[in-house]
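Here the structure comes first, spelled out in structure tokens, and everything after it is commentary.
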Amino acid sequence: MTAICHRRNATKGNRVPELPEVETVRRGLQPHLEGARIARAEMRRPDLRWPMPVDLVQVLTGATVTALRRRSKYLLADLDRGGTVLWHLGMSGRMLVEGANLGDFHRDPGIIARHDHVVLTTDAGTTITFNDARRFGMVDLIREGTSHPLLDHLGPEPFDPEFDAAYLARAFDGRRAPVKQALLDQRIVVGLGNIYVSEALWRAGIDPRRAAGRIGAARLAALVGHIRDVLSDAIAAGGSSLRDHRQASGELGYFQHSFRAYDRESQPCLREGCGGTLRRIVQSGRSSFYCPGCQR
């Protein structure tokens, strides 16, 4: 059995997965689910964070998944009969993949079967299970020809061409809110959370407390590049594993070994020639990590 899951921050409380962790899950699921016909579907409880569709099993049974996508921090499985399944992993959600052709995987004893809430079995004999111990995740259906309120007001993806310095300048224009808070606003750009905003701002040399509307065009262009770079680096590393995130292979993600700001309070800044010490502050109830010596 392969566990494809996001990780939980053991030192600062639980957190939902950010874009790299969800993208890692999507890529791990894709070979097993995209193009597969769902021979059997089980819904073992009526609700998670919210009630699940009462006809979920009926819709899924016999359907073929034509595409497996990611939008922001959500997974979306498009069906050949129309409509899309929407998943959010919540704080503890995992996608478990099991099958005779997947090698000798063993279920982690910490992954308790009573938390298996939705189970899909494909024609190939692969079983994909949504396991969520804390039940803060969700599964819903987007009916054909409709939208979903969780997706309706999302901003662009960080890798979309429209997400550029000119776009950020318009989005930040007149904003007195700190840039850290602005980048966490999913209406401005999606998929970012504390880890990757902290890392991108460190790379860009921007103080997380700086008013978003007071950042010049050149620095915004650099910030866009650093956001993309830090996300690309994290995806390539399989995400960040501080506790229990695993790649599709069952391996840990390794991006936590590349942190330059996040969770490095009181440690020396790693920027060449800086000599500063990382600080932690609280912004809107969330920890921000930055170097006062080189982030302006």
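Would the range 101-124 turn up any residue that is under 17 Å from the mean Cα position of the chain (by Cα) and either open to solvent by 60 Å² or more (accessible area, probe 1.4 Å) or not aliphatic (A, V, I, L, M) (or both)?
Within the range 101-124, none of the residues are under 17 Å from the mean Cα position of the chain (by Cα) and either open to solvent by 60 Å² or more (accessible area, probe 1.4 Å) or not aliphatic (A, V, I, L, M) (or both).
So that you can scan it fast, the table gives a plain yes or no per residue for (1) open to solvent by 10 Å² or more (accessible area, probe 1.4 Å); (2) assigned to a loop (DSSP other than H, G, I, E, B); (3) modelled with pLDDT under 95; (4) touching an Asp or Glu at 6+ places or on another chain (Cβ under 8 Å):
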residue: L29; (1), (2), (3), (4): no, no, yes, no
residue: E42; (1), (2), (3), (4): yes, no, no, no
residue: R45; (1), (2), (3), (4): yes, yes, no, no
residue: P53; (1), (2), (3), (4): yes, yes, no, yes
residue: A67; (1), (2), (3), (4): yes, no, no, yes
residue: L75; (1), (2), (3), (4): no, no, no, no
residue: D78; (1), (2), (3), (4): yes, no, no, no
residue: V85; (1), (2), (3), (4): no, no, no, yes
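Could you list, in sequence order, the residues of the range 55-65 that are assigned to a strand (DSSP E or B) and open to solvent by less than 20 Å² (accessible area, probe 1.4 Å)?
Of everything in the range 55-65, just one residue is assigned to a strand (DSSP E or B) and open to solvent by less than 20 Å² (accessible area, probe 1.4 Å), namely V65.
Of everything in the range 99-127, what is more than 18 Å from A41 (Cβ to Cβ) and either modelled with pLDDT of 80 or more or in a strand (DSSP E or B) (or both)? Give them in sequence order.
I112, R114
Against the conditions (1) among the hydrophobic types (A, V, I, L, M, F, W, C); (2) modelled with pLDDT under 95; (3) touching a His at 6+ places or on another chain (Cβ under 8 Å), where does V230 fall short? Just the number, please.
(3)
Table: residues versus (1) modelled with pLDDT under 95; (2) out of contact with any strand residue (DSSP E or B) (no Cβ under 9 Å at 6 or more places or on another chain).
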{"position": "D164", "(1), (2)": "no, yes"}
{"position": "Q186", "(1), (2)": "no, yes"}
{"position": "D207", "(1), (2)": "no, no"}
{"position": "V224", "(1), (2)": "no, yes"}
{"position": "A237", "(1), (2)": "yes, yes"}
{"position": "G253", "(1), (2)": "yes, no"}
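Filter the range 32-51 down to residues that are within 21 Å of A67 (Cα to Cα) and either hydrophobic (A, V, I, L, M, F, W, C) or free of Cβ contacts under 8 Å to residues at least 60 places away in the same chain (or both), then give me how many there are.
So the count comes out to 7.
Among the residues in the range 128-149, are any touching a Ser or Thr at 6+ places or on another chain (Cβ under 9 Å), among the charged types (D, E, K, R), farther than 30 Å from S288 by Cα and not in a strand (DSSP E or B)?
Yes - at least one qualifying residue is present in the range 128-149.
Just the residues that are touching a Pro at 6+ places or on another chain (Cβ under 7 Å) and within 15 Å of E199 (Cα to Cα), please, taken from the range 278-296.
Hits for the range 278-296 are R279, S288, Y290.
Can you tell me which of V190, V139 is open to solvent by less than 50 Å² (accessible area, probe 1.4 Å), touching a Phe, Trp or Tyr at 6+ places or on another chain (Cβ under 6 Å) and modelled with pLDDT of 95 or more? Can you show your working first?
Working: V190 fails: touching a Phe, Trp or Tyr at 6+ places or on another chain (Cβ under 6 Å).
After applying the criteria, what remains is V139.
The values are calculated or read from the model by the stated rules, or taken from the named source; none is laboratory data. Everything numeric here is computed off the predicted structure, so don't read it as measured data. With ideal geometry, Cβ positions are generated from the backbone for all residues, glycine too; neighbour counts draw on all protein chains shown. Keep in mind that these areas ignore ligands, DNA and RNA; they rest on the heavy atoms of the full protein, side chains included. Shrake-Rupley method; radii C 1.70, N 1.55, O 1.52, S 1.80 Å.
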